[in-house]
Amino acid sequence: MIRNFFKSAFRNLWKTKGYSFLNIFGLAVGVTAAALIFLWVESQITKDDHFPDKKDIYVVKSIQKYDGATNIFESTPGPFAQAAAEDISGIKHIARTDWGNWLLFSVDDNGISQSGHYADPSLLDILSVEFKAGDKRQALSELNNVVLSESAAKRLFGNGAAVGQTVRVNNEESYTVTGVIKDLPKNSSFKFDWLINFKKFELANPWLENWNANGLRTIVQLQPEASLSAVNATLLDFAKLKTSGETAYYQNFLYPMSRWTLYNSFDNDGMEREGAIKNIRLFSIIAWVVLLIACINFMNLATARSEKRAKEVGMRKVVGAKRHTLILQFLSESMISAFFAVLFAIGLIYLAIGPFNTMLKTDLSVRLFEPLHLYFLLGIVVICGLLAGSYPAFYLSSFNPLKTLKGAKQNAGTAGLIRRGLVIVQYTASILLVICTVIIYQQIQHTKNRDIGFERSQVITTSLQGDMAKKIHLIKDQLIATGDIESVGVSDNNIMNIGSNASGFDWDGKAKDSQVLISILNGDEGLIPSLSMQLHDGRNFKPQLVGDSTALIINETLARMIKRDGLVAGQTLHWNNEARMIVGVVKDFVYNDVFSSSPEPLIISPTDYAYGQLYMKTKAGIDLPEMLVRMEKIIKANNPAYPVEYKFLDETFDRQFSSVMMIQHLATVFAVLSIIISCLGLFGLASFSAQQRAKEISIRKVLGASITRLVSMLNREFVVLVGLSCLIAFPLGWWFMHDWLGNYKYRIDISWIVFALAAGLAIAIAILTVSTQALRAATANPTKTLKNE
């Protein structure tokens, strides 16, 4: 019997090659799209799963309240870790790390900049990193020991042994390689090519000994039996108790590694909000919707073909076939088609995974033979086969054999209604995705084109490293002397990401109980002109900061806190018991969050040129390649030990949109795929409808109906269905995107034009798809058609 099922299934697939292709290809595209997005979802929700003690690992968070707003930070003071390890039970390991550094590692003439961390040795135990060479217990025991990743060791030493070798760091000191660890996966919260003992960093930064200086990360691993709530209860006022109330302005708690990626966002009341999990949930839903569209397509075409097989059903019933046998036969055919579709989809997944990785900047792999992936594909075959084949199976098996053999057509009323309903569902989902894609695009462009308060085009940035800080004035003069560069400035933080802030500022008229958190940027007199910032009041720093060592420039937001009109140049700001003169007020500019509606208060303090960014504003109309050569030559001549690496500020700005751009790319891909799948289904149904109405079309043509009128008649039914889809998709799209835009303070208003555009696009594609079949039916020879009927 099973053999007959297979023979019958293959025979029917071959007999109707066109429909079979539409069925299998449509489902394969849907499975491919869903599989790709599920691979991405899997990589996100399994992030850090490679750390065996993930469930016991936490980062110490800091709660700070300013003027009624609760801020959650991840920075802690230097003494915190040792004190917590000594006083709090339940802590198995605790480690301090910096925020990441790029250092130049050199072996002979091979110099490579690599990123890594200064960290306490216990971090190796917390992360359970796998050593490829070296002894973990001794790896970071000395200040000048360094542990390298497998990739970093290979870049420096090739295939030779790295452990025991000496490497120069920043051309200043020699370090001994004491360990090589296996590379951590790309979906890891910790990414580093080197680790150096944190003590080295601590000795160079004595401010870390202050309980009031929250400037590093503290990672904790609890004992498996430890109570998180008990530890958090102790941590809450731990710093305050250790300093006899000196650090009463912040409290601490542990935040689990399992939530670092998917949540890790807090509102002004300090309550946790959904972070990346929102996007993961969104695209999981979209993936299921695309798969559902493909299944609907599959089911729709199968029911449409049912009448073609009515006589076969009647004949089988007459010769003794039972209904359950027929149901099994049609379900088997559906399963076989679904199996072919999944096979086809596997090939498409392998072809698409590369471009998909490029688009999302990920490193996903198919890993076909992993049990979870095999079960997923098998599940799709079974679910899609059953879902898509159930209705045709039960519908076809219910045909009356006598009526079908006499040539009477079955009542297709219910089947037709269901087909129309499924078309509406398909197009509703497609139109919804188009609306989402357009609104996301508009939001990105709206933010990209906003006035951010500084000029990002024609600005080149490079890091201050090596001898550049010592020769900064000479380098600036030589760069200006080329005639290619208008202005050169320096700041410690990148202008797009200012991570330093402090409280404890006072000024005349400030409420005594008011606490304001102010961002701090250190810069020189070239910073404002090199970024074409505008002054609202006062002046810029003097050349080479002469006489301005205690001067401050503040932004407009802070100036308006001090005085309503913001004209505060010449006034005094008190900070750390020191009076600082406000010499200028710079107009507000956007930093940290490009979607914020207004910037946080900020001060610009004179820099000591120890480290940071160099900004070079180029003149308009210059020969950029030649300018870059001259720029590299000057920097290299003054800092020969380091490679010259530079970026364009507008590219740095564009990277602020990476997560939103990823959403836009995914939404665009899925919108296009859903439209293609829907069109395949519509094409098949239009072809079926034209065949069903061939006799009617021929009679109308004989009676004088024009081709245009016949094509319009066949199009009308499908245009109405798409119109109904629009009516359902519009309110859903508005509600959905209104909720999404609520995540951004600087956002667009949803325009009715988006809905008109989506409707016009859907109707145009539907007419184009249906018209190809309608035109074919309308131009057929009516005599031949009527003779055949």
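The values are calculated or read from the model by the stated rules, or taken from the named source; none is laboratory data. Here the structure is a predicted model, which means the values were calculated and not measured. Positions of Cβ are backbone-derived with ideal geometry, glycine not excepted, and every protein chain shown enters the neighbour counts. For accessibility, only protein heavy atoms count, side chains too; no ligands or nucleic acids. Shrake-Rupley method; radii C 1.70, N 1.55, O 1.52, S 1.80 Å.
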**Item:** Residue check, residue 123 within 26 Å of residue 210 (Cα to Cα) and in a loop (DSSP other than H, G, I, E, B)
**Value:** no
**Fill in**
Here the residues within region 88-115 that are in contact (Cβ under 8 Å) with a residue 60 or more places away in the chain, of a type outside the set (A, V, I, L, M, F, W, C) and open to solvent by less than 80 Å² (accessible area, probe 1.4 Å) are 90, 93, 96, 97, 98, 100, 106, 111, 113, 114, 115
**Request:** From (1) in contact with a Leu (Cβ under 9 Å, 6 or more places away or on another chain); (2) among the aromatic types (Phe, Trp, Tyr); (3) modelled with pLDDT under 95, pick out the condition that doesn't hold for residue 263.
**Result:** (1)
**Request:** Within region 477-495, identify whether any single residue is open to solvent by 10 Å² or more (accessible area, probe 1.4 Å), in a helix (DSSP H, G or I), farther than 30 Å from residue 561 by Cα and touching a Leu at 6+ places or on another chain (Cβ under 9 Å), and answer yes or no.
**Result:** no
**Complete:** When region 674-716 is checked residue by residue, the ones that are in contact (Cβ under 8 Å) with a residue 60 or more places away in the chain, within 14 Å of residue 763 (Cα to Cα) and not aliphatic (A, V, I, L, M) are 678, 679, 683
**Prompt:** If residue 452 satisfies every condition in (1) more than 30 Å from residue 736 (Cα to Cα); (2) within 35 Å of the chain's Cα centre (by Cα); (3) of a type in the set (Val, Ile, Thr) but one, which is the exception?
**Reply:** (1)
**Request:** Scan (1) closer than 30 Å to residue 234 by Cα; (2) hydrophobic (A, V, I, L, M, F, W, C); (3) open to solvent by less than 20 Å² (accessible area, probe 1.4 Å) for the single condition residue 40 breaks and write down its number.
**Result:** (1)
**Prompt:** Within region 155-162, is there a residue that is of a type in the set (A, V, I, L, M), out of contact with any strand residue (DSSP E or B) (no Cβ under 6 Å at 6 or more places or on another chain) and at pLDDT 90 or above?
**Reply:** yes
**Prompt:** Which pairs have Cβ atoms under 7 Å, sit 6 or more apart or on different chains, and link a residue in region 601-615 that is over 13 Å from residue 493 (Cβ atoms) and modelled with pLDDT under 95 to one that is surrounded by 21 or more Cβ atoms within 10 Å (Cβ to Cβ) and of a type in the set (Phe, Trp, Tyr)?
**Reply:** 606/541
**Message:** Looking at region 459-476, I want the residues that are under 12 Å from residue 614 (Cα atoms) and have a partner that is assigned to a loop (DSSP other than H, G, I, E, B) and open to solvent by less than 30 Å² (accessible area, probe 1.4 Å) with Cβ atoms under 6 Å, at least 6 apart or on another chain. Which pairs are those?
**Reply:** 465/642; 468/639; 469/609; 472/609
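Here is a yes/no grid of residues against (1) within 33 Å of the chain's Cα centre (by Cα); (2) open to solvent by 20 Å² or more (accessible area, probe 1.4 Å); (3) modelled with pLDDT of 75 or more:
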residue: 661; (1), (2), (3): yes, yes, yes
residue: 676; (1), (2), (3): yes, yes, yes
residue: 681; (1), (2), (3): yes, no, no
residue: 700; (1), (2), (3): no, yes, yes
residue: 710; (1), (2), (3): no, no, yes
residue: 716; (1), (2), (3): no, yes, yes
residue: 724; (1), (2), (3): no, yes, yes
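Does residue 105 qualify as being of a type outside the set (S, T, N, Q), closer than 17 Å to residue 172 by Cα and touching a strand residue (DSSP E or B) at 6+ places or on another chain (Cβ under 9 Å)? Let's see the steps before the verdict.
Numbers: of a type outside the set (S, T, N, Q): yes; closer than 17 Å to residue 172 by Cα: yes; touching a strand residue (DSSP E or B) at 6+ places or on another chain (Cβ under 9 Å): yes.
Criteria met by residue 105.
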**Asked** Residues in region 127-141 that are outside any loop (DSSP other than H, G, I, E, B), touching a helix residue (DSSP H, G or I) at 6+ places or on another chain (Cβ under 9 Å) and either of a type in the set (Val, Ile, Thr) or open to solvent by less than 20 Å² (accessible area, probe 1.4 Å) (or both): how many?
**Response** 0
**Request:** May I ask you to verify whether residue 668 is in contact (Cβ under 8 Å) with a residue 12 or more places away in the chain, closer than 14 Å to residue 443 by Cβ and of a type in the set (Val, Ile, Thr)?
**Result:** yes
**Request:** Out of the residues in region 297-309 that are part of a helix (DSSP H, G or I) and open to solvent by 10 Å² or more (accessible area, probe 1.4 Å), state the one that is modelled with the highest pLDDT.
**Result:** 299
**Positions within region 56-87 being part of a helix (DSSP H, G or I) and open to solvent by 30 Å² or more (accessible area, probe 1.4 Å), in sequence order** = 82, 85, 86, 87
**Matching option when the condition is at pLDDT below 90 and not β-branched (Val, Ile, Thr), among 543, 529** = 543
**Request:** Please give the number of the condition residue 369 fails out of (1) at pLDDT 80 or above; (2) among the aromatic types (Phe, Trp, Tyr); (3) part of a helix (DSSP H, G or I).
**Result:** (3)
**Item:** Where residue 503 falls short, out of the listed (1) open to solvent by 10 Å² or more (accessible area, probe 1.4 Å); (2) over 30 Å from residue 68 (Cβ atoms); (3) among the hydroxyl-bearing types (Ser, Thr, Tyr)
**Value:** (2)
**Message:** Being outside any loop (DSSP other than H, G, I, E, B), open to solvent by 50 Å² or more (accessible area, probe 1.4 Å) and modelled with pLDDT under 75 narrows it down to one residue among 772, 783; which is it?
**Reply:** 783
**Asked** Where in region 543-633 are there strands (runs of 3 or more DSSP E), lying wholly inside it, with at least 2 residues that are more than 18 Å from residue 485 (Cα to Cα) and open to solvent by less than 10 Å² (accessible area, probe 1.4 Å)?
**Response** 551-555, 578-586, 602-606
**Message:** Return the residues of region 330-352 that are over 30 Å from the mean Cα position of the chain (by Cα) and surrounded by 22 or more Cβ atoms within 10 Å (Cβ to Cβ); say none if nothing qualifies.
**Reply:** 330, 333, 334, 337, 338
**Request:** Considering only residues that are closer than 26 Å to residue 652 by Cα and open to solvent by 30 Å² or more (accessible area, probe 1.4 Å), look in region 426-449 and name the one that is nearest to the chain's Cα centre (by Cα).
**Result:** 441
**Complete:** Those residues of region 744-759 that are over 12 Å from residue 440 (Cα atoms), open to solvent by 40 Å² or more (accessible area, probe 1.4 Å) and not aliphatic (A, V, I, L, M) come to a total of 3
**Message:** Cβ contacts < 6 Å: first residue under 25 Å from residue 577 (Cβ atoms) and touching a residue at least 12 places away in the same chain (Cβ under 8 Å), restricted to region 535-552; second residue of a type in the set (Phe, Trp, Tyr) and surrounded by fewer than 16 Cβ atoms within 10 Å (Cβ to Cβ), any location; separation 6+ or different chain. Result?
**Reply:** none
